[in-house]
Amino acid sequence: MGGNLGCHRSIPKDPTDLCHGKRKFSAACNFSNILVNQERLNINTATEEELMTLPGVSRTVARNMVEYRERIGGFRKVEDLALVTGVGATKLEAIKLEICVSSRSGSSQHSPSSIRRDQEHLACSGMNINTATPAQLLSIRGITEKLARNIVEYRTQHGPFRTIEDLVKVPQINSSLLDKIRFQIFVQRSRTPSTNTNGGLTVSTKSQPSPTSFSLSSDELDLPPGGPTQMVSVRQNVEVPAGRRDGRAVIRVAAWDLQRCSSDKANNPGVREVVCMTILENDIKLLAVQDLADQEALDKFCTELNQPSLSNVCKWKGPRGLWKCATSEKPTGQSCTGPEFSGFLWDSSAAIQLKDAMVLDDANANSNGSHTQPKAYLAHFFIRSSELTMVNVHMKATSSPREPDGQNHSADELKTHTLSAGVQEILKGEKAVLVLGGFGLPSDSTELEPLRREKMSAFLPPSVYTNISTRAPQGSLCLDNIWASRAVKKIYTGHCFVVREGLTNPWIPDNWSWGGVASEHCPVVAELYTVAMVKELLHNGTSIATVESHVFPKHER
């Protein structure tokens, strides 16, 4: 994998001018209403992605804001936000200095306390309390030597201050003192480091992924608090895969849970770049995608691959391919926020052709008529002249009645981490089969016994983690995998890896900051031989090894 990968096209200095040569940035990443030190975030026009940059606002809360805004026809004042599920008076107090509402005519109506914030949004002429030394803090009127030490000690123990209001958490600083000094100080938050691991490097299933590395550290670059208006996306140089192993042609297939990927999320240029560049850099030719929030999301990545508009995708020096995609016509699952779909994305120039695809309906339904099991998306592909069955699954992760995000889950949701009867039937009838996607469980779990019973083998051991976040870049759980039948195992090169590098982007929201991951799941990639496959034939009672080009063994699963 090679070529000199450049940086993103720099974001316009005037964020209201988002057009470059007839190409426009998606509204999901329109920064015209979050200008650093000039305007607050307009909660009547902000997208889900932008709302997630507010302190403490998760994707679920951001979605609640958008849905509530649509129901009431827009917020009339910032205090209306307290009525949104997941916000309330406490969270509103933490974010109201960063937001405003605007009427359709464009006139802004700020929070009652916005006058104070306007001073802060000037040219940051005061002291940055996230970088100031104790000696520098002493120059602030009202700060004593003891208070300066307390500020630095608190910052060292708890990390950078997110807002000026966080100063009241420092011993001996109260709201009265804060009001006296707020015009002399400001907060500039640092960019979350770009999470990079493995570099798409092939690792044996017997070894652990390589340690995490960071392409940019927060010491090297500071990200303005309103968004990545001065940031560019930097990707490491990679070598273009040769497409061969031991002198034989190979093809790489992969599974990736894109975590509630809607069209809006796919429109975010950071998400779109991460997905497309990960595919190109790792020479993935056939990708099974899970957890699509709508049926159009996959089209966005397919279009970007075929007609690139992002700088790094345009500059890719390796093979580009000719991409096609298919998304399930019916939902394959249901989450608390809506239906889930599954899909496939493949490079037709690699002699890959979709024969057919369908959702495997499970005959077992609960008393309400709804399915208690997630449904698999089954597809038959021709790779050259060989037929490969791919079963795209998205099983729910084992969870407790109350998730960390505070969401309550029904008993049915907690029972869905088992294989459906439809998948188990397919395993008995098909020969060359890959079952891939999100299992929510490591490969040695008892719930996956039906796969082992059919002589299926997992490419990743339980010790290899497939989750990721900016706070835990090396992960802690084995949730995703690729299982192969014995026929496919014969053409497996022995190389399967988890991509952990290049999954962040400065355009992707990361709660109150930027530089988040495109998904909390990593792609899992497996490599298969395609040119010549050994087929054992019985001749007069003797096993004779012959070579049959492009044909999978048909006598066993």
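The values are calculated or read from the model by the stated rules, or taken from the named source; none is laboratory data. What you are looking at is a predicted structure, and each value in this text was computed from that prediction instead of being measured. Here Cβ is always computed from backbone atoms with ideal geometry, including for glycine, and neighbour counts include all displayed protein chains. We work out accessible area using only protein heavy atoms, side chains counted, and drop any ligands, DNA or RNA first. Shrake-Rupley method; radii C 1.70, N 1.55, O 1.52, S 1.80 Å.
Pairs under 9 Å by beta carbon, first residue open to solvent by 70 Å² or more (accessible area, probe 1.4 Å) in the stretch 165-180, partner hydroxyl-bearing (Ser, Thr, Tyr), six or more apart or different chains?
From residues that are open to solvent by 70 Å² or more (accessible area, probe 1.4 Å), the pairs are Lys169/Tyr154; Pro171/Tyr154; Gln172/Thr144.
Of everything in the stretch 355-374, what is open to solvent by less than 50 Å² (accessible area, probe 1.4 Å) and modelled with pLDDT of 90 or more? Give them in sequence order.
Across the stretch 355-374, the qualifying residues are Ala357, Val359.
Say whether the condition of being in contact with a strand residue (DSSP E or B) (Cβ under 8 Å, 6 or more places away or on another chain), modelled with pLDDT of 95 or more and small (Gly, Ala, Ser) is met by at least one residue in the stretch 254-270.
Among the residues of the stretch 254-270, at least one is in contact with a strand residue (DSSP E or B) (Cβ under 8 Å, 6 or more places away or on another chain), modelled with pLDDT of 95 or more and small (Gly, Ala, Ser), which makes the answer yes.
Take the residues in the stretch 140-164 that are open to solvent by 50 Å² or more (accessible area, probe 1.4 Å) and within 38 Å of the chain's Cα centre (by Cα); name whichever of them is nearest to Leu97 (Cα to Cα).
Arg162
Considering only the stretch 1-99, give the helices (runs of 4 or more DSSP H) lying wholly within it that have at least 2 residues that are modelled with pLDDT under 85 and farther than 30 Å from Val168 by Cβ.
The qualifying helices (runs of 4 or more DSSP H) are 59-72.
This table checks each residue for (1) in contact with a Lys or Arg (Cβ under 8 Å, 6 or more places away or on another chain); (2) open to solvent by less than 10 Å² (accessible area, probe 1.4 Å); (3) at pLDDT 95 or above; (4) acidic (Asp, Glu).
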position	(1), (2), (3), (4)
Lys415	no, no, no, no
Glu430	yes, no, no, yes
Leu441	no, no, no, no
Asp444	no, no, no, yes
Asn467	no, no, yes, no
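Here is a yes/no grid of residues against (1) within 19 Å of the chain's Cα centre (by Cα); (2) among the polar types (S, T, N, Q); (3) outside any loop (DSSP other than H, G, I, E, B):
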{"position": "Pro442", "(1), (2), (3)": "no, no, no"}
{"position": "Glu449", "(1), (2), (3)": "no, no, yes"}
{"position": "Ser463", "(1), (2), (3)": "no, yes, no"}
{"position": "Ser469", "(1), (2), (3)": "yes, yes, no"}
{"position": "Val488", "(1), (2), (3)": "no, no, yes"}
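Return the pair list, or none, for Cβ contacts closer than 7 Å from residues in the stretch 232-258 that are under 13 Å from Thr530 (Cβ atoms) and of a type outside the set (Phe, Trp, Tyr) to residues that are modelled with pLDDT under 80 and open to solvent by 20 Å² or more (accessible area, probe 1.4 Å), at least 6 apart or on different chains.
Short answer, once both residue conditions are applied: Arg248/Val531; Arg248/Ala532; Ala249/Val531.
Output the qualifying pairs, or none if there are none: Cβ atoms under 6 angstrom, residues six or more apart or on different chains, first residue in the stretch 318-331 and open to solvent by less than 50 Å² (accessible area, probe 1.4 Å), second residue assigned to a loop (DSSP other than H, G, I, E, B) and hydrophobic (A, V, I, L, M, F, W, C).
Between residues of the stretch 318-331 that are open to solvent by less than 50 Å² (accessible area, probe 1.4 Å) and residues that are assigned to a loop (DSSP other than H, G, I, E, B) and hydrophobic (A, V, I, L, M, F, W, C), the close pairs are Gly318/Val240.
For residues in the stretch 332-351 being open to solvent by 40 Å² or more (accessible area, probe 1.4 Å) and part of a strand (DSSP E or B), which is modelled with the highest pLDDT?
Among them, the one singled out is Pro339.
Can you find, within the stretch 521-543, the residue that is least open to solvent (accessible area, probe 1.4 Å) among those that are farther than 19 Å from Arg486 by Cβ and at pLDDT below 95?
For the stretch 521-543, the residue satisfying everything is Val531.
Do we have Asp246 as surrounded by fewer than 23 Cβ atoms within 10 Å (Cβ to Cβ), touching a Ser or Thr at 6+ places or on another chain (Cβ under 6 Å) and modelled with pLDDT under 95 here?
The answer is no for Asp246.
For (1) open to solvent by 10 Å² or more (accessible area, probe 1.4 Å); (2) within 17 Å of the chain's Cα centre (by Cα), each residue gets a yes or a no:
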| site | (1), (2) |
| --- | --- |
| Val253 | no, no |
| Trp256 | no, yes |
| Gln259 | yes, yes |
| Ser263 | yes, yes |
| Val275 | no, yes |
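Does the stretch 498-520 hold any residues that are part of a strand (DSSP E or B) and at pLDDT 75 or above, and which are they?
Matches in the stretch 498-520: Val498, Thr504, Pro509, Asp510, Trp514, Val517.
Would you check which residues across the stretch 276-293 are touching a Pro at 6+ places or on another chain (Cβ under 8 Å) and at positive phi and list them?
Asp283 - this is the single residue of the stretch 276-293 that is touching a Pro at 6+ places or on another chain (Cβ under 8 Å) and at positive phi.
Restricting to the stretch 76-88, give me the number of residues that are in contact with a helix residue (DSSP H, G or I) (Cβ under 6 Å, 6 or more places away or on another chain) and buried (at least 17 other Cβ atoms within 10 Å of the Cβ).
Final tally of qualifying residues: 5.
Could you please let me know if Leu477 is out of contact with any Pro (no Cβ under 7 Å at 6 or more places or on another chain) and open to solvent by 30 Å² or more (accessible area, probe 1.4 Å)?
yes
Output the residues belonging to the stretch 334-347 that are under 17 Å from Lys300 (Cα atoms) and either among the polar types (S, T, N, Q) or over 18 Å from the mean Cα position of the chain (by Cα) (or both).
If the condition is that a residue be under 17 Å from Lys300 (Cα atoms) and either among the polar types (S, T, N, Q) or over 18 Å from the mean Cα position of the chain (by Cα) (or both), then Ser342, Trp346, Asp347 are the ones that fit.
Would you point out the residue of the stretch 302-317, among those that are touching a residue at least 60 places away in the same chain (Cβ under 8 Å) and open to solvent by less than 70 Å² (accessible area, probe 1.4 Å), that is farthest from Gly502 (Cα to Cα)?
Going through the qualifying residues, I end up with Ser309.
Can you tell me which of (1) in contact with a Lys or Arg (Cβ under 9 Å, 6 or more places away or on another chain); (2) within 30 Å of Arg63 (Cβ to Cβ); (3) surrounded by fewer than 20 Cβ atoms within 10 Å (Cβ to Cβ) is the one Asp299 doesn't meet?
It is condition (1) that Asp299 fails.
Can you name every residue in the stretch 249-275 that is within 13 Å of Val498 (Cα to Cα), of a type in the set (A, V, I, L, M, F, W, C) and either assigned to a helix (DSSP H, G or I) or touching a Pro at 6+ places or on another chain (Cβ under 8 Å) (or both)?
Across the stretch 249-275, the qualifying residues are Ala254, Ala255, Trp256.
Would you mind finding the one in Leu292, Leu310, Leu280 that is closer than 13 Å to Cys325 by Cβ and aliphatic (A, V, I, L, M)?
Leu292
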